[in-house]
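Below: the structure, in C-alpha cells.
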Amino acid sequence: MSQVATLFSKTKIDYSWSFSDKTRKDTAYITHGYHRYPAKFIPQIVSRLVEKYTNEGDLIVDPMCGSGTTIDVAKEIKRKVIGYDLNIVRPDVIKNDSRAIPLEENSVDFVFIDPPYSDNIKYSNDERCIGKISCEKIEFYDELEKTASEIARILKPDKVMGWVIADQWIKKKFTAVGFLMWQRLEKYFEPMDIVCITRHNQTSNTGVWHNRARQFNFYLRGFKYLFIMKKS
C-alpha cells in the first residue's frame, strides 16, 4: 500500500485529468477496491473529486460502492466514509438499497456514485438490484431517480456529488443513457461540469475493432460521463 499512498497524499490538488496508469495492471487499480469485482472504477478520478470538493474529516458516501474503491481512497486522504451496496464483497461495506439511505438529511459532505448503466453486467443476485433492469426501459431511470432523490436529501446544501454513467449501443440500437439520466438529475441538482472519461488503452481502439466498425458500419465508442453537480 505504501507504493500508492503518494498518489493521493498531495498538498496541492492536481487538476489534470490524464493519468499515467496502466489501468487494470496499475498498482492503484489493483489495491483500491476488491480486485475481482466485475466493474471496478478508476481510483485516481475519485481522488481528484474528493480532494477538490472536500476537506480532511468530511463525510463521503458512496451509495453503490461495489468493490469499495471510494472507501479506500477516502480513508487514504483522511476523510470519513460510508459505503453501501446490495452485493457485499468486503466487510466494511454496509448492505443497503441506494433508494433508502439510512442517514439524516443534510449530513453528508460529498457523494460519489458509479451505478449500473444497464443490465449488461451481473452485479448481484438481489432482486432489488437496479442492474437487472435494461436502460431501454423507463423503469431504469425511475429507479435511479429514487437514488438521486436520496442523495439530494442527505447532502448538505451547496455540497457536491459525482455521478458516472455511460450510453449503450447494443444490437444496432443506441440508447442515450447519459442524456436521459441528466434530465432526471437536474430536478435535484445544479449542474457544475461534465467530464468525459476514457481509458488510454481502450480495447475498442484496436485494428480488430476498427475493421469491425467499417464492416458493420458503427462508431467506435469507449467513454463514460462524469456529471459533477451541486445541491442548491
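Taken together, the values in this text are just the output of simple stated rules run on the coordinates, not laboratory data. Keep in mind that what you see is a predicted model, and the values were worked out from it rather than measured. All Cβ positions, even for glycine, are placed from backbone atoms using ideal geometry, and neighbour counts span all protein chains on display.
Cβ neighbours within 10 Å, averaged per peptide: list 101-109, 113-121 in order, most packed at the top.
Top of the packing list down: 113-121, 101-109.
What list of ³J(HN,Hα) couplings, whole Hz, do you get for the range 66-79 from phi and the Karplus terms 6.51, -1.76, 1.60, once you set θ to phi - 60° and write x for glycine and proline?
Per residue, the Karplus-derived 3J(HN,Hα) values read x, 6, x, 4, 4, 4, 5, 5, 4, 5, 5, 10, 6, 10 Hz.
Give me a comma-separated list of calculated 3J(HN,Hα) values for the range 181-187, in order, Karplus coefficients 6.51, -1.76, 1.60 applied at θ = phi - 60°, integers in Hz, x for any Gly or Pro.
Once rounded to whole Hz, the list reads 6, 4, 4, 6, 5, 5, 5.
Is the shape of the range 158-199 rounded, prolate or oblate, going by the alpha carbon gyration tensor and its root eigenvalues a ≥ b ≥ c, with a/c under 1.5 for rounded and a/b larger than b/c for prolate?
Note, shape of the range 158-199 comes out oblate.
Apply the a/c threshold of 1.5 to the C-alpha gyration tensor of the range 43-134 and tell me whether it is rounded, prolate or oblate.
In terms of gyration-tensor shape, prolate.
Suppose R0 equals 30 Å; then what is the FRET efficiency for Arg214 and Lys122 from their Cβ-Cβ distance, rounded to the nearest 0.05?
About 0.40, to the nearest 0.05.
State the extension gain, in nm to one decimal, for the chain segment bounded by Ser149 and Asn106, taking 0.36 nm per residue of separation less the distance between their alpha-carbons.
Length difference between fully extended and current span is 14.2 nm.
Where both residues lie in the range 90-232, what percent of DSSP beta bridges are antiparallel, nearest 5?
Of the beta bridges lying entirely in the range 90-232, close to 75 percent run antiparallel.
Past the 27 Å Cα-Cα mark, which pairs from Lys171/Lys231; Lys132/Lys156; Lys80/Lys230; Lys78/Lys146; Lys78/Lys156; Lys78/Lys132?
Violating the 27 Å Cα-Cα cut-off are Lys171/Lys231; Lys132/Lys156; Lys78/Lys146; Lys78/Lys132.
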